[in-house]
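Notes follow once the structure below has been shown.
Values in this text are rule-based calculations from the coordinates and carry no lab data. Small disclaimer: the values here were computed from a predicted structure and weren't measured. In this analysis, Cβ positions are derived from the backbone assuming ideal geometry, glycine residues included, and neighbour counts consider all displayed protein chains.
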Amino acid sequence: MSLPRIGVFLTSLLLAGTSLSAGTANAQDTSSQNTSQTGPISGYMEMHYNRPINDPLAPPILDFHRFVLLVSHRFSDRIHFFGEIELEHSIVEGLEEKGELELEQAYVDFLVTPELNFRAGMMLAPMGIINERHEPPTFYGVERPFVDTFVIPTTWFDVGGGIHGTLGGKLRYRVYVMAPLDSVEFSAEEGFRGAAQNGSNAHARNMAVTGRLEYVGFRGLTLGTSFWRGDSSVTLVRLETPTSMIAADARYRRGRFEGRAQYAHGFVENAAELNDAVFRLTGVDPNVGSQIRGFYVEGAYSVLPRDFPHELGLFVRYENFDTQFRMDEGNVGLPQFDRDAWVIGANYWLDPDVVLKVDYSHVRSQSDIIAGPRSLNLGIGWWF
């Protein structure tokens with residue numbers, strides 16, 4: 001698939017290594033004029049239709065899932081601002097089920113050299129593939145992968161600061177200090193999802209450290225590894241709950257074939273004490289696991305002739321994810337949270353910036369009682 005126009009804009013704006021940070025370091029020329037420039041405004045949107053297959057009581061859902069505006073400003077050749085505002089589910093009425101309005105990114109880049117640059121503000125955690133590259137034309141499938149939902153809590157963002165750069169033209173890195181997760185928001189079913197403080201009066205008694213390293217030295221191949229580490233004792237200040245995550249991923253494209261693979265593993269220390277403390281506080285035992293784990297492999301193939309004006313890619317993805325992969329003594333994991341999934345479908349790019357999607361998703365669990373959901377999904381996504 002050719003590089004979309006918004007990709008060209010983002011590539012010229014920010015440092016290579018994230019979907020919203022590629023290529024500025026090479027643009028630093030001390031002889032150029034330090035002129036101020038705003039814009040252009042850009043964005044991306046996606047609409048979904050999800051029809052459950054194995055639950056006759058569940059209605060089909062038609063949802064304008066995301067409306068996102070991206071703004072940028074260049075104060076000078078070395079100082080850039082980037083922001084992202086996202087409206088989910090089209091309307092906000094005070095209840096999260098109705099929708100969310102989020103300031104997902106708002107940071108300033110201080111560009112020094114290709115090897116060393118500084119960043120501060122609201123930033124995406126550099127974990128995995130999708131969290132930093134979540135615009136709909138950039139991935140296969142109507143919904144984001146389950147691993148990037150229940151293990152890596154995409155979209156994962158918070159306030160902080162750090163450094164980033166490119167070493168030798170082949171090694172990209174990002175290292176940030178960010179506000180920690182809140183362990184009270186951990187859950188048995190969804191792992192760390194919903195635990196980020198998202199820069200809203202974030203408690204910063206214990207800061208977390210996160211980073212990512214990417215190697216692009218092989219043609220068509222990007223190898224990445226990520227980490228997160230921080231004490232998540234935000235609400236329960238007397239209980240230490242160090243939380244960490246490691247991830248590894250690979251993306252490969254050659255000719256008509258495109259493949260992805262990712263593995264992520266999270267750790268919660270003192271999970272038994274956390275479960276007991278939350279039970280005493282709320283009356284509900286969250287039954288949080290001491291480890292969560294997930295992985296997926298995906299293959300896609302472009303089937304239309306090269307001279308055809310559009311592009312059609314068929315894909316299949318297998319995922320395995322368990323939000324109670326390991327339990328502390330005294331807690332028992334539930335089999336319905338040990339899940340795997342097959343997702344098969346197609347992406348049809350009417351334009352490099354506009355994609356139609358269809359897929360069939362079949363989630364299975366180890367439970368003999370609770371069946372995993374199956375659904376037919378349609379979507380359209382675009383960016384500008």
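Quick notes on this one:
- Over the chain, dividing the summed -39,500 (n - 2.57) contributions of all DSSP H runs of at least 4 residues by the number of residues returns a 222 nm mean residue ellipticity of -1500 deg cm²/dmol.
- Among the listed values (i) 18.1; (ii) 23.5; (iii) 19.8, the one matching mean projected area of the Cα convex hull in nm² as calculated from this structure is (iii).
- Counting beta carbons within 10 Å around each of L221, L101 and listing the fewest first gives the order L101, L221.
- Loop GluC sites (Glu not before Pro), region 106-176 (other Cβ atoms within 10 Å of the site Cβ: 14 or fewer; DSSP): E115
- Across region 135-142, coupling constants 3J(HN,Hα) worked out from phi with the 6.51/-1.76/1.60 Karplus curve, θ = phi - 60°, read 6, x, x, 9, 9, 8, x, 5 Hz, and Gly and Pro carry x.
- Listing M122, M47, M207 from fewest to most neighbouring C-beta atoms within 10 Å gives M207, M47, M122.
- Applying both filters, DSSP loop and at most 11 other Cβ atoms within 10 Å, to the trypsin sites (Lys or Arg not before Pro) of region 186-263 gives R205, R219, R238.
- A DSSP coil position with no more than 12 other Cβ atoms inside 10 Å describes the following trypsin sites (Lys or Arg not before Pro) in region 77-186: K98, K170.
- Among F192, F308, F139, residue whose mean-square fluctuation peaks in a GNM of the chain (springs only between Cα atoms under 10 Å): F308
- Cα centroid separation, region 238-270 to region 359-384 (Å): 21
- Approximate spin-label separation I61-R256, in nm, with each point projected 7 Å along Cα-to-Cβ: 3.6
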